[in-house]
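Before any comments, here is the structure.
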Amino acid sequence: MKRVIVGLSGGVDSSVAAYLLKEQGYEVIGLFMKNWHDDSVTISNECPWLDDSNDAMLVADKLGIPFQTVDLSEQYKERIVDYMFKEYKNGRTPNPDVLCNREIKFDVFMKIAIELGADYVATGHYCRKGVISKNGKDIYQLLAGVDPNKDQSYFLCQLSQHQLSRSLFPIGELTKPEVREIASKIDLVTAEKKDSQGLCFIGKVKLPDFLQQQLKPKEGQIVEIFKENVIYKRSHPDFNNLEDRLEFLSRKKEYHLEDGKVIGKHQGAHYFTKGQRKGLAVGGHVEPLFVIETDVKSNIIYTGEGKEHPGLYKSALFVKNEELHWIREDLKLSTDDTMKVMARIRYRQPLQKATLFKVDSGLYVEFDNPQSAITEGQFVAWYLKDELVGSGVIS
């Protein structure tokens, strides 16, 4: 009987995952991760992890499986929270959910589980695992979940072969309504519980409130760049080679105060991210205003009116070698190699046709159609059919 340790989060997905594994004959143990109790950075007046921990305990009790809590708050602060503050301060927008999976659930947590004699770690993610044999060796695949509305493969885009080999995703073949139905049928306390929002495994938190505790407010200007601006009319230079063209297409647009009109004030450029439309509090426009660029050094936010504003769109992005990750190491590109893929730059974005170009210093991803709000610090993930094969941090 193989032993599986389930990361019980107190939500319906992990509860049903634990139930299914028990039905399949595994020895199942529930483990709740406590990721936060640092009073110097309060997250909200409510204490969501306590409620979640109680729900996880009730589920374990109902399923008749052992349950315990592990405190990972020290590692979480070091690997996720400090990293987030640093990235925001530098004007990049990190993805805490992807990091939390790579650094906490499938690293720190997995090591603890293996020390407790687990053969596998299981989570309530909507994705699937495949295995193929190549040259007599098992290769693990990360496949999209069956429910197109809930596929969470993107959040696991940084997993390694080793991590996948020890992982199980019991609900990947189900849709969310089917998961809720199973939970109701066996009368789990989490059956009707809402999906958690906010930071992974911390619970309800508004990011700006969280960031304000370390990144102090600093008044700056909001500048509007008009879509008729000459910046967007410039013709492309002649390129000597493909790499020059891709470098040009993926380049960050440089704006200056004199390129636009000052239309308001903000409390800190580091609280804003490209593509954001909420929180600008500037009226008098027919269409919504979007952030098209932030400059944390000068503390200026550049905005444009309407979701078709040319400042929002780019057709290529770059990933540095040190931030490039292949789940399928056997498919890794060498310099000058190319690959046709489907890619996404954020969770829930429909997959987009793209081509990968490997160069000495990293990898370019060029999309068939320009993409809105390609954001530094976020992850791009690429797929072959329904298999996620690699990813990287947008630089």
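The values are calculated or read from the model by the stated rules, or taken from the named source; none is laboratory data. Predicted model, so just to flag it, every value in this text is computed and none were measured. Cβ: placed from backbone, ideal geometry, glycine included. Neighbour counts: every protein chain shown.
Overview of results
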quantity	calculated
Output for segment 131-167, where each listed residue is outside any loop (DSSP other than H, G, I, E, B) and touching a Gly at 6+ places or on another chain (Cβ under 6 Å)	141, 143
Tally of residues being touching a Ser or Thr at 6+ places or on another chain (Cβ under 8 Å) and of a type in the set (Gly, Ala, Ser) across segment 151-179	1
Lone qualifier among 351, 331, 363 - being of a type in the set (A, V, I, L, M), more than 19 Å from residue 98 (Cβ to Cβ) and outside the structural domain of residue 172 (by TED's automatic domain parsing)	331
Count of residues meeting criterion [within 20 Å of residue 184 (Cβ to Cβ), part of a helix (DSSP H, G or I) and in contact (Cβ under 8 Å) with a residue 12 or more places away in the chain] in segment 58-80	5
Subset of segment 145-160 [over 15 Å from the mean Cα position of the chain (by Cα) and either buried (at least 18 other Cβ atoms within 10 Å of the Cβ) or basic (Lys, Arg) (or both)]	145, 147
Residue 171 over 16 Å from residue 381 (Cβ atoms) and surrounded by fewer than 22 Cβ atoms within 10 Å (Cβ to Cβ)	no
Test: residue in segment 107-121 that is in contact (Cβ under 8 Å) with a residue 24 or more places away in the chain, hydroxyl-bearing (Ser, Thr, Tyr), surrounded by 21 or more Cβ atoms within 10 Å (Cβ to Cβ) and not in a helix (DSSP H, G or I)	no
Tally of residues being within 17 Å of residue 91 (Cα to Cα), out of contact with any helix residue (DSSP H, G or I) (no Cβ under 8 Å at 6 or more places or on another chain) and surrounded by fewer than 16 Cβ atoms within 10 Å (Cβ to Cβ) across segment 278-322	1
Pick from segment 366-395, criterion β-branched (Val, Ile, Thr), touching a strand residue (DSSP E or B) at 6+ places or on another chain (Cβ under 7 Å) and assigned to a loop (DSSP other than H, G, I, E, B), ranking: nearest to residue 153 (Cα to Cα)	394
Residue tally, condition farther than 29 Å from residue 84 by Cβ and touching a Phe, Trp or Tyr at 6+ places or on another chain (Cβ under 6 Å), over segment 245-291	2
Sole residue being surrounded by 17 or more Cβ atoms within 10 Å (Cβ to Cβ), among the basic types (Lys, Arg) and touching a helix residue (DSSP H, G or I) at 6+ places or on another chain (Cβ under 8 Å), chosen from 227, 253, 274	274
Subset of segment 6-23 that is of a type in the set (Gly, Ala, Ser) and over 21 Å from the mean Cα position of the chain (by Cα) - its residue that is surrounded by the most Cβ atoms within 10 Å (Cβ to Cβ)	15
Odd one out for residue 211 among (1) modelled with pLDDT of 95 or more; (2) closer than 28 Å to residue 35 by Cα; (3) among the hydrophobic types (A, V, I, L, M, F, W, C)	(1)
Restricting segment 182-203 to residues that are modelled with pLDDT under 90 and surrounded by 15 or more Cβ atoms within 10 Å (Cβ to Cβ), the residue that is farthest from the chain's Cα centre (by Cα)	193
Among the candidates 348, 328, residue that is in contact with a strand residue (DSSP E or B) (Cβ under 7 Å, 6 or more places away or on another chain) and of a type in the set (Lys, Arg)	328
Unique residue being touching a residue at least 40 places away in the same chain (Cβ under 8 Å), among the charged types (D, E, K, R) and either in contact with a His (Cβ under 7 Å, 6 or more places away or on another chain) or not in a helix (DSSP H, G or I) (or both) when the list is 340, 314, 353	314
Any hit, segment 83-100, residues being of a type in the set (D, E, K, R), within 23 Å of residue 154 (Cβ to Cβ) and in a loop (DSSP other than H, G, I, E, B)	yes
Residue that is farthest from the chain's Cα centre (by Cα), among those in segment 267-292 that are more than 26 Å from residue 214 (Cα to Cα) and part of a loop (DSSP other than H, G, I, E, B)	284
Test for residue 260: is it more than 20 Å from residue 92 (Cβ to Cβ), surrounded by 17 or more Cβ atoms within 10 Å (Cβ to Cβ) and more than 22 Å from the chain's Cα centre (by Cα)	yes
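Here's the yes/no breakdown for (1) outside the structural domain of residue 227 (by TED's automatic domain parsing); (2) farther than 24 Å from residue 367 by Cβ; (3) charged (D, E, K, R):
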{"site": "265", "(1), (2), (3)": "no, yes, yes"}
{"site": "284", "(1), (2), (3)": "no, yes, no"}
{"site": "288", "(1), (2), (3)": "no, no, no"}
{"site": "304", "(1), (2), (3)": "no, no, no"}
{"site": "314", "(1), (2), (3)": "no, no, yes"}
